[in-house]
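The values are calculated or read from the model by the stated rules, or taken from the named source; none is laboratory data. Worth saying up front: this structure is predicted, and the values here are computed from it rather than measured. We place every Cβ from the backbone using ideal geometry, glycine too, and count neighbours over all the protein chains shown.
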Amino acid sequence: MKHDRLWKIRQRLLQEKRVTIRELCNEFDVSVETARRDLNALEEEGFVRRAYGGAMLVENGDLPNLMPPWNARFSQNMDEKRAIAREMLRWIPDHSTIALDSGTTTFELAKLLREKKDLTILTNDLRTAVELSAHTEHTIYSIGGAIKKDDMITTGFLAMEFLEHFSRFDFAILSADGFDIHTGMTDHNIEMGRLKRAMLNKSGQIFAAIDHSKFFQNAVYKICDITALNMVITGEQAPAEAIRVLNDAGIRTVLVKS
């Protein structure tokens with residue numbers, strides 16, 4: 001619960017730049033002492049600077065992990081994510097090579113890939129690698145690198161170097177923390193953003209699996225412009241304006257019912 005609360009406080013600070021203890025007490029129904037401890041924890045991370053009665057965002061700080069816990073993300077919009085995964089499966093031909101991003105939607109896709117034949121799949125998501133290895137006969141590569149234990153993924157320069165051993169992929173299937181028609185696809189973690197960019201730079205086609213809640217959200221680090229994408233699969237609740245812009249840009253956009 002504390003981890004979830006701290007994540008929500010970080011998100012609020014990114015939007016509003018400052019927060020008061022009174023606001024935290026009212027929003028989270030916690031005591032003044034608890035709100036102060038939360039702000040002290042964020043100050044120790046280098047995320048905020050304490051001020052009288054609250055705290056301010058440290059604009060030039062090395063921002064810590066802004067993602068909610070994996071289990072919390074996994075339970076959000078699950079029907080939609082499963083529908084996106086099922087639709088994505090239709091576009092993956094047998095005998096292809098895929099760079100598969102980490103994330104809860106792509107994990108749902110991984111559980112369906114047993115229906116395909118003779119795939120070669122690279123992923124930095126340890127959960128996905130185990131799922132595919134246990135239940136398919138595909139060739140699976142787990143991208144090496146430093147393990148982020150909270151998310152069970154690999155990142156860092158070793159992960160980037162691992163990709164250098166491959167000349168090309170047929171597809172990159174990517175998720176994102178934010179998806180904005182002006183900013184493009186974005187991620188909260190700079191290392192993950194760089195790894196995703198490396199995946200798409202080696203791929204013939206780039207598919208984005210985006211649940212509707214990611215639209216008009218901007219994370220800190222940019223992955224790519226929307227014009228880099230070949231297809232976006234999302235839920236029918238996605239904003240009509242965003243879908244119009246994607247269609248006008250010539251990007252195949254598929255809406256799924258959940």
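The table below gives the values:
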item: Residues located in the stretch 194-217, provided they are touching a residue at least 40 places away in the same chain (Cβ under 8 Å) and among the aromatic types (F, W, Y); result: F207
item: Within the stretch 122-141, considering residues that are within 17 Å of F169 (Cβ to Cβ) and under 18 Å from the mean Cα position of the chain (by Cα), the one surrounded by the most Cβ atoms within 10 Å (Cβ to Cβ); result: N124
item: Neighbours by Cβ (under 6 Å, 6+ apart or cross-chain): first from the stretch 232-258, assigned by TED's automatic domain parsing to the domain that holds M185 and in a helix (DSSP H, G or I); second hydroxyl-bearing (S, T, Y) and surrounded by 13 or more Cβ atoms within 10 Å (Cβ to Cβ); result: I243/T253; L246/T253; N247/T253
item: Selected residue (only one of G145, G103 is in contact with a Ser or Thr (Cβ under 7 Å, 6 or more places away or on another chain) and over 18 Å from I223 (Cα atoms)); result: G145
